[in-house]
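Heads up, the thing below is written out as structure tokens.
The values are calculated or read from the model by the stated rules, or taken from the named source; none is laboratory data. Note that the structure is predicted; figures quoted are calculated from it, not measured. Please note: Cβ atoms are built from the backbone with ideal geometry, for glycine as well, and neighbour counts cover all protein chains shown. The protein model used for the area step is the full one, side chains on, heavy atoms only, and it has no ligands, DNA or RNA in it. Shrake-Rupley method; radii C 1.70, N 1.55, O 1.52, S 1.80 Å.
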Amino acid sequence: MRRIAALFVIALQLVVVGVFAQEDDLNVLARYAIDEAGELSLISGEEDPSHEDLWIQLVSLLPTDYIDQYLYEFAVFESEDTLAYVSELEEEVWEFGVAIDDDPERALTIIHEFGHILALNNTQYDTYPSVLQDRAGELSEDEYAAALDEDMAACSTIAFDDGCPVADSYIQLFTETFWTTEAVEMIVYEELDDSAAYFFDENPDGFVSEYAATNPIEDFAESFSYFVGLDDDMLPVDGEASVVEAKILWFDQFPELAELRISVREAADLNGIAFVFGEDSNYPWRAPEG
């Protein structure tokens, strides 16, 4: 079973960081800066040719414009649980980490993590000023709590606990389509010990995996990875059969995301990269027609 960590600024932060658990879950082997040409230069750790192979796989899959605009650091790590993560180090400065451990689900996990950047970059999502100030160490605990309350109250879309989706953004529309206000508030205000288990048990046909039930941010990223990763003959025929299938097909309404899916899959085919779904998948697998 793959584990996915989305660090620091990924929305619904307290819940998601719980997946990451402790920093000693990761043994960071090396961290690299990414220059304007997409080349790596070592920041810390020990350089290894295998790290370049991982970087090549990542840039082979992801759209060049997103890499150029958002990725500033690349990390390679060891972990028993985590295959990849993204972290917004500061506003619009993202790090992408990939595990050195070989795993058949790596490519699918990379697409999941890219889904976070797709949904939470500054054109889509406003990180609260209080969160940015707290991250910079400018606020005391009491000042941060008061400022965060003000930021959340001022959000005119969906008040997540570290940011506010831009009007008509992907994550706003996805959340309003598939999540209730009450469910989001239960997560944001930590009314549940295990949101993934709770919402998955409540609606087992509503999520591509139990992990997707953690919160709308993870649901978006997991569903997006299936939208990209599923072969054409395995995609849902329509969204009427189940909520899972409706979520996967939801992305197809956006021409730019439909085109992105095609380009990523073409790049994967060209480079011999397969999208593998693990045993924790809840997708209603069916034999290809014909």
Considering only the range 70-177, what is the antiparallel percent among its DSSP beta bridges, to the nearest 5? 60
What distance in nm separates the simple spin-label points at S41 and V93, each placed 7 Å from Cα in the Cβ direction? 1.5
Quote the charge dipole size of the chain about the Cα centre in Debye, to the nearest 20; the model charges only the Cβ of Lys and Arg (+1) and of Asp and Glu (-1). 700
At 0.36 nm per residue, and after removing the present C-alpha to C-alpha distance, how many nm does the segment from E182 to D68 gain when stretched out fully? 37.3 nm
Among the Cα-Cα pairs of the range 78-118, the proportion with separation greater than 12 Å, in percent, is 57
Of the candidates T177, T127, T82, which one comes out as most mobile in a Gaussian network treatment of the chain with C-alpha springs shorter than 10 Å? T177
Per residue, how much accessible surface does the chain expose to a 1.4 Å probe? Answer in Å², no decimals. 46
How do R106, R31 rank by accessible surface area computed with a 1.4 Å probe, from largest to smallest? R31, R106
Excluding L61 itself, what net charge comes from residues whose Cβ is under 14 Å from its Cβ, given Lys and Arg +1 and Asp and Glu -1? -3
Per-residue ellipticity at 222 nm attributable to helices in the chain (runs of n ≥ 4 DSSP H, -39500 (n - 2.57) apiece, nearest 500 deg cm²/dmol) works out to -13000 deg cm²/dmol
Fully extended contour minus Cα-Cα distance, from A241 to D201, at 0.36 nm per residue: 12.5 nm
Hey, if we sort F275, F160 by accessible area with the 1.4 Å probe, largest down, what's the order? F275, F160
Over the range 101-227, what percent of the accessible surface lies on carbon and sulfur atoms, probe 1.4 Å? 44
Summarise the accessible area of the range 20-74 (1.4 Å probe, protein heavy atoms) by the percent that is carbon and sulfur. 44
Which semi-axes, in whole Å and largest first, does the equivalent ellipsoid of the range 37-145 have when worked out from the alpha carbon gyration tensor as the square roots of 5 times its eigenvalues? 27, 16, 14
In whole percent, what relative contact order does the chain give with Cα contacts below 8 Å and a gap of six or more residues? 18
Full extension between I262 and E138 adds, at 0.36 nm per residue less the Cα distance, a length in nm of 40.2 nm
The chain: antiparallel DSSP beta bridges as a percent of all, rounded to 5: 65
For volume of the Cα convex hull per residue in Å³, several values are listed as [x] 111; [y] 136; [z] 146; flag the one computed from this structure. [y]
